[in-house]
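Everything on this sheet refers to the single structure shown next.
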Amino acid sequence: MAKGKLKSVDDVIYDDVVRISKPPAGPDDGQSTDAVSIGDVARMAGVAPITVSRALSKPQKVSAEKRARIQQAVEATGYRVNPFASALRSGRSNVVMAFASNMFSEQFSLALHACGNILEKAGYLFLVGQTAYSYDRETAAIRSLQALKPAAVMFTGVIELEENRDILKNLGIPIMETWALPRDPIDMLVGFSNTEAGLLAATELAEKGHRKVAYIGRRGGRGALRLQGFKNGCQKFGLDLVGVALGGDIVGPSDGAASLTRLLAECPDVEAIFCANDLLAFGCLAEARRQHIAVPERLAMIGFGDREIAAEIPPGLTMIGIDTQDLGRIAGEMILNSLSDGKKNAERTRRLPLRVIRRGSL
């Protein structure tokens, strides 16, 4: 039996995110509408350009008869409002921008989809970009916000670079960070403790009686936090951490397969593995099957970031996860509330509970 007392985590375990000053080393119909201007609409409707602008932004200030003519002209020309140009002219924007850490992640996609649904129903345009776990790309994206002037910004992660944190604070707009639980978010946060996730993984392995364990995950960011939590759990329960396989960007399951091959060559007696990413977990399980390694009899596995396919791949992957759609919905509601006149969120941080979905791999 493992050392230590096995129990659920009752106290809040914050992620001690390291702040750093510098980064380490639709069908085409053949009809273009780009050239259509507000002047074209005004001429067709027989009104002044300023009247078209008022009809589109403040329709209550324009008569019903003129609004009808303007609407007909808009439909006939295919005119579309440029939200960025409107923001530059008015100082207000209806664009909310979001940046995903990895576009391949179903978890991020589900969260962003749920957030977008909330904001789009309220009339906001929800645009998504990608930082790809790159400090350079993150910095370029954040600097672009000074010119684009969005209404709010969301990240599937927390910002570690102090310079980028300062830029975001000075924008004076709602900033939503997610997927971690630091003590000092920039503005708003919907997240969970990655450190606790690593501890939960060690707890599960200890309860199953595994002794020689290993970790596969990203080298930095949330991966480092999950590794620290896993190390804490191994120490608490007397587990022998025989191997650690760290990587940079996670592109797909092939990264997990390569990591498992390398880990088994270095630590052939490993009994169980914590994969701190769903793509890594899928790759590890697929590679184990290719090598005819019995799971969980010879090698047990637990992953992080549950999705439906985890239950469909025999023998089923045990995963630690959160309700990512709930995360996105809450984030969207908090952003919308901050954008509403005269409203403020009663709480700036929402902590989501972690859950363990037990299946046949453990």
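The values are calculated or read from the model by the stated rules, or taken from the named source; none is laboratory data. Owing to the predicted nature of the structure, the values given are computational and were not obtained by experimental measurement. Here the Cβ is made from the backbone with ideal geometry for all residues, glycine too, and neighbour counts use every protein chain on show. Heads up: the accessible areas ignore ligands, DNA and RNA and are worked out on the full protein's heavy atoms, side chains in. Shrake-Rupley method; radii C 1.70, N 1.55, O 1.52, S 1.80 Å.
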For semi-axes √(5λ) of the Cα gyration tensor in Å, with candidates (i) 31, 30, 23; (ii) 32, 26, 19; (iii) 48, 21, 17, the value calculated from the shown model is option (iii)
Stretch R348-N170 to full length: gain in nm at 0.36 nm per residue minus the Cα-Cα span?
62.3 nm
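When only the heavy atoms of the protein chains count and the probe is 1.4 Å, how do K121, K169, K212 rank by accessible area, highest first?
Of K121, K169, K212, the descending order of accessible area is K121, K169, K212.
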Skipping prolines and chain starts, which residues have an amide H placed within reach, meaning under 5 Å, of the one on L161, given they are 5 or more residues away or on another chain?
I20
Determine the share of the range 143-204's accessible area contributed by carbon and sulfur atoms, expressed in whole percent, with a 1.4 angstrom probe.
45
Explain nothing, just compute: Karplus ³J(HN,Hα) = 6.51 cos²θ - 1.76 cosθ + 1.60, θ = phi - 60°, for every residue of the range 95-104 in order, whole Hz, x for Gly and Pro.
9, 10, 9, 10, 10, 8, 5, 8, 6, 7
If each of V244 and D136 carries a label point 7 Å out from its Cα toward its Cβ, how far apart are those two points in nm?
2.7
With -39,500 (n - 2.57) per DSSP H segment of 4 or more residues and division by the full residue count of the chain, the 222 nm estimate, nearest 500 deg cm²/dmol, is -13500 deg cm²/dmol
Leaving out ligands and nucleic acids, note down the accessible area per residue over the chain with a 1.4 angstrom probe, in whole Å².
49
For M301, distant residues with modelled amide H under 5 Å away:
I273, L362
Going down the table (K121/K169; K22/K149; K22/K236), which pairs top 32 Å between alpha carbons?
K22/K236
FRET efficiency for F104 and E312, using Cβ-Cβ distance with R0 set to 25 Å, rounded to 0.05
0.85
Quick check: pseudo-label points 7 Å beyond the Cα along Cα→Cβ at K61 and S144, how many nm apart are they?
3.1
As I understand it, the dipole of the chain uses +1 on the Cβ of Lys and Arg and -1 on the Cβ of Asp and Glu, about the Cα centre. Which of G220, M97, T261 lies farthest toward its positive end?
M97
With all protein chains in place and a 1.4 Å probe, R355 shows an accessible area in Å² (nearest 10) of 110
For the range 242-362, the accessible surface attributable to carbon and sulfur atoms (probe 1.4 angstrom, ligands and nucleic acids excluded) amounts in percent to 50
